[in-house]
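As structure tokens, the structure follows; a few thoughts come after it.
Laboratory data are not the source of any read-out in this text; all were calculated from the coordinates shown. This one's a predicted model, so the numbers in the text were calculated from it and none came from an experiment. Glycine gets a Cβ as well: all are built from the backbone with ideal geometry, and neighbour counts include every protein chain shown.
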Amino acid sequence: MPDTVRSTLGRWLRRHSLTLVATLGGAAGVAYAAAQLAPAPSRPPPAAIASSETTPPGEQARDTVTDTVQIALILDTSSSMNGLINQARSHLWKMVDDIGKMTRTVDGKTRGVKIELALFEYGNDTLSADGGYIRQVLPLTTDLDKVSEQLDGLFTNGGSEYAGQAIQTAVSSLAWSNDPDALRFVFIAGNESFDQGPIPAAAAMSLAAGKDITVQLIHCGGEEPTWSAAALLAKSDLMKIDQNKVAAHIPAPQDAEILRLGGELNSTYVAYGAQGQAALARQSKADASSAKLSAKSALERSQLKAKKGYKNESWDLVDAVEKDGKFLDKAKDSDLPAELQGKSIEEKQAYVRAKTAERAALKKRIRELEAERQTFLDAERAKRDPDAPSLESELMKGTKKAAAKKGYKL
């Protein structure tokens, strides 16, 4: 662009910047205006698209490599366990958010984590007796909205609870990481005797230990000798919860704005591929399900969506490009959303940059509000009795203990 034209355009943009920003929509308008004013190569480097989050000044440099945390969650879905399922549904976002804060220092750099979740149910009489009344609901996945969708579909019935066989099934059937530094967990919760079924606790725990998988047991009730004995074999602490206890929600001044911004984040997701639109709908459905469960669950989901632990590169163009700066060069035009088909690579990159900037601004504001909200909650909780142990709080105890042995900090 000639200098005279650039100068004229610059004066026009400065004069009409507010109108332009309002027309294009917040951060996207800012990104567009900046792109027009700043000289740029014909094809921006991948980093110009991919870096939506940077290391704050004064903090240790972030490693581009991420560690893996794998969790198989095994839930008893026999007749008396509706409360357990509801706890799993309502505590999912907080649990993933907390685990997602885990870091490890490698060669002077801070390395974050990628979380993969698998879901099993056991003890439901509608399941196959030949399989021990056990079902793999989901294999290990990073798609948290899919986990939420499957949790919503669980129901209780029956039961014959073969806990040892359920652990064996999870250990032997999942694609566990071979990385010696990865964290691998089986979390199993139930309320009946642990020694039912054909697989004794000792065999199940030995199989898990052979794959460096930590088994954490959560008993839904009081003291139970068979669960205590199984925990000793697993070399972990037995956790006990009241599955029917509902965590108290403390309203905070920041709640409404966090929820609004969490919903607004959805507009920055750009679905691609054959399953993109279905995944986009699943995202909205997970929002609605969380809101239906409780205000606390809805807020925790909005806060998680502002973190690195919530990634959807398998269907969202912004996350895909952040992971691979050359994604747009390799993507088939027919796999892209209609608004990008037939566009030049420069136009596609500009579109993704605008969405990336908009998302980064929304996430930043949610995190600021979350920090303010946490300060408020800490002050309020100091005036109240401590929360009762829950599925989420007890799982985190076992996770922290095992993670510390491998140098992870939380």
statement: Karplus ³J(HN,Hα) for the range 188-198 (6.51 cos²θ - 1.76 cosθ + 1.60, θ = phi - 60°; Hz, whole; x = Gly/Pro) runs 10, 10, x, 9, 9, 4, 6, 8, 7, x, x
field: Size of charge dipole - the chain - debye, nearest 20, with Cβ of Lys, Arg +1 and Asp, Glu -1, no other charges
entry: 1560 debye
field: the chain - share of DSSP beta bridges that are antiparallel (%, nearest 5)
entry: 25 percent
query: How long is the gain from T375 to A209 if the chain were fully straight, where each residue apart is worth 0.36 nm and the alpha carbon distance is subtracted?
result: 55.7 nm
field: Mean Cα-pair separation over length for the range 255-381, i.e. relative contact order, pairs under 8 Å, 6 or more apart, %
entry: 34 percent
task: Can you quote the Å³ per residue value for the convex hull of the Cα atoms in the range 229-339, rounded to an integer?
output: 179 Å³
task: For the chain, find the longest principal axis of its Cα atoms and tell me its angle to the long axis of helix 255-265, 0 to 90°, nearest 10.
output: 70 degrees
field: Derived scalar couplings ³J(HN,Hα) [the range 213-218; Karplus, 6.51 cos²θ - 1.76 cosθ + 1.60; whole Hz; x for Gly, Pro]
entry: 10, 7, 9, 10, 9, 10
Where only alpha carbons of the chain are counted, the Rg and the Dmax (Å): 23.9, 83
query: Non-local amide H neighbours of K114 (under 5 Å, H modeled in plane, Pro and chain starts lacking H): which ones?
result: D67, T68, V69
- prompt: If you line up the long axis of helix 391-405 against the longest principal axis of the chain, both from Cα atoms, how many degrees apart are they, to the nearest 10?
  reply: 80 degrees
task: Whole Å is fine, so just give me how far the alpha carbon centre of the range 294-332 lies from that of the range 83-129.
output: 17 Å
message: Given the DSSP H assignment, sum -39500 (n - 2.57) over each helix run of at least 4 residues in the chain and divide by its residue total; what's the result at 222 nm in deg cm²/dmol, nearest 500?
response: -15000 deg cm²/dmol
Amide H within-cut-off set for G325, under 5 Å, with H built and near neighbours excluded: none
query: Looking at the chain, which longest stretch skips every one of the GluC sites (Glu not before Pro) that is in a DSSP loop with at most 12 other Cβ atoms within 10 Å, leaving the sites themselves out?
result: 224-410
In degrees, nearest ten, helix 345-381 long axis to first principal axis of the chain (Cα): 50 degrees
- line: Once amide hydrogens are built 1.01 Å from N within the peptide plane, the residues lying 5 or more places from A72 or on another chain with amide H under 5 Å from its amide H are A118, F185, V186, F187
